[in-house]
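First comes the structure, then the notes that go with it.
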Amino acid sequence: MLKRNFIMAILAIAFSSYGQEVVRKAPPKDDLLDRLVGSWTLTGKMSSTPLKQRVEAKWVLRGRFLQMHFVSEGPTLGTQTPYEATYMIGYDSQSNTYVLHLFDTFGATYSFDH
């Protein structure tokens, strides 16, 4: 019941401004993040473990975030599932910092606040 109430509260908040057009300036062009747009293969090592990942990056949410999707292409160790992640990178003009939201196959256990 508590879980259902929590989900209903989140949905109510999410849709409370639905249909209300909020006028916001378009985000400024970001030359740094623009360089990441496209498709490529990422190779290297994480510690001593070799990695190979396919990366797709594109602007989403009216150009406010760069979405990067990573999928492992190499073999996995033992019963380990292939790694997959989505990064959402945006720029906070008030604090002049980049913000990264990371979602991956490790799940919410490793999420943290800074």
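The values are calculated or read from the model by the stated rules, or taken from the named source; none is laboratory data. Since the structure is predicted, the reported quantities are computational estimates derived from the model, not experimental observations. We place every Cβ from the backbone using ideal geometry, glycine too, and count neighbours over all the protein chains shown.
Residue count for the stretch 34-60, restricted to those that are at pLDDT below 90 and either more than 23 Å from Glu84 (Cβ to Cβ) or among the aliphatic types (A, V, I, L, M) (or both): 3.
The set of residues in the stretch 44-56 being assigned to a strand (DSSP E or B) and over 12 Å from Val71 (Cα atoms) consists of Gly44, Lys45, Met46, Thr49, Pro50.
Each residue in the stretch 67-114 was checked for being in a loop (DSSP other than H, G, I, E, B) and either among the aliphatic types (A, V, I, L, M) or at pLDDT 90 or above (or both), and 1 of them qualify.
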